[in-house]
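The values are calculated or read from the model by the stated rules, or taken from the named source; none is laboratory data. Keep in mind that this is a model prediction, so the values were computed, not measured. Note: ideal-geometry Cβ built from the backbone for every residue, glycine included; neighbour counts use all protein chains shown. For accessibility, only protein heavy atoms count, side chains too; no ligands or nucleic acids. Shrake-Rupley method; radii C 1.70, N 1.55, O 1.52, S 1.80 Å.
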Amino acid sequence: TRMVSTMQDAINGFPVTAAGRLLSTAMAFLGIVAGIALGVTLTVNVLGLPPIDISQSSFTPTGVIRNIVFMLISVVLIAVTMQVKPRHIPPAVVAAFVGLIFYHTTSLSGSGSRIATGMGAVTSGCVASLLAARARIPQAVLAIPAMTFLLPGLTLFRGMYALTVETDAAGQGIAEMINAMASIILLAAGVVLAQYLMRPFIEQMQHLSQRRNRRR
């Protein structure tokens with residue numbers, strides 16, 4: 001989530017803010033890498049458990065309904081972690097729900113994971129932009145938690161695991177990290193694109209709100 005915010009600031013032309021968030025993200029990233037290495041070392045060398053086989057990249061996904069339910073729960077938890085105000089959590093859940101619908105619809109149509117990710121990001125970003133403008137808060141407050149279901153967490157874990165534990169698979173780890181970064185940049189680009197697409201509607205909403213205030 002931090003990396004998506006960083007890429008969003010960089011695309012929008014805020015280099016200083018992007019650089020500060022990039023440093024914060026890098027420190028958190030190094031902490032996660034060290035934690036994975038320490039945890040795996042303790043479980044394998046001390047407890048004698050078998051190591052993780054990262055070559056098993058395929059897994060059986062859950063059903064669409066179950067995925068939507070648990071992803072929405074994750075959105076709520078991420079929003080709480082990001083210290084989003086309670087009244088702004090339901091709009092973030094709504095943005096995530098609409099994005100999930102478009103994501104799964106695109107996936108079931110056989111368009112590919114990248115296109116489905118882009119559709120989910122743009123759709124969630126559009127809904128988040130409208131709801132954020134209505135609540136008079138920045139779009140990122142709603143859009144970043146709403147993107148939880150699109151974050152490449154498993155890809156990041158495989159990449160970090162290969163780089164820190166199974167050094168023989170360092171090449172695979174680098175490839176996984178590049179794929180994860182490409183997905184993160186795609187998410188940030190989708191959020192920014194949604195903001196531009198919704199700008200005419202947001203300006204219309206603000207104009208109508210000003211007219212109502214004048215009448216009062």
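Brief remarks on what is shown
- GNM flexibility winner over the chain from Leu130, Leu197, Leu42 (Cα, springs under 10 Å): Leu42
- For the range 11-20, putting each phi into the Karplus relation 6.51 cos²θ - 1.76 cosθ + 1.60 with θ = phi - 60° gives couplings of 5, 6, x, 10, x, 5, 4, 5, 5, x Hz, in residue order, rounded to whole numbers and with x for Gly and Pro.
- Given charges at Cβ of Lys, Arg, Asp, Glu: the range 1-130 dipole, positive-most of Val64, Thr17, Gly35: Thr17
- The equivalent ellipsoid that matches the C-alpha gyration tensor of the range 80-216 spans semi-axes of 35, 16, 12 angstrom, in descending order.
- In this structure the amide hydrogen of Leu151, modeled in the peptide plane, comes within under 5 Å of no amide hydrogen from residues 5 or more places off or on another chain.
- For Ile137, distant residues with modelled amide H under 5 Å away: none
- Percent accessible area from carbon and sulfur atoms, the range 1-139, protein chains only, probe 1.4 Å: 69
- Based on C-alpha pairs under 8 angstrom that are at least 6 apart in sequence, the range 1-148 has a relative contact order of 23 percent.
- Computed about the Cα centre, the dipole magnitude for the chain is approximately 1600 debye when only Lys and Arg (+1) and Asp and Glu (-1) carry charge, each at its Cβ.
- Rounded Å value of the spacing that divides the Cα centres of the range 130-204 and the range 1-31: 12
- For the chain, the longest principal axis of the C-alpha atoms and the axis of helix 113-135 are separated by about 40°.
- Considering only Ala188, Ala92, Ala18, the mean-square fluctuation computed in a Gaussian network model of the chain, springs between alpha carbons under 10 angstrom, is largest for Ala18.
- With both labels modelled 7 Å from their Cα along Cα-to-Cβ, the Arg87 to Leu49 distance reads 4.5 nm.
- In the chain, helical runs assigned H by DSSP with n ≥ 4 each contribute -39500 (n - 2.57); averaged across all residues and rounded to the nearest 500, the mean residue ellipticity at 222 nm is -26500 deg cm²/dmol.
- The range 1-109 shape via C-alpha gyration tensor axes, a/c threshold 1.5: oblate
- Accessible surface ranking for Arg66, Arg199, Arg136, 1.4 angstrom probe, highest first: Arg136, Arg66, Arg199.
- Probe 1.4 Å, protein heavy atoms only - accessible area per residue of the range 134-209 in square angstrom: 49
- Using the Karplus relation 6.51 cos²θ - 1.76 cosθ + 1.60 with θ = phi - 60°, the per-residue 3J(HN,Hα) values for the range 190-197 come to x, 5, 5, 4, 4, 5, 5, 5 Hz, with x marking Gly and Pro.
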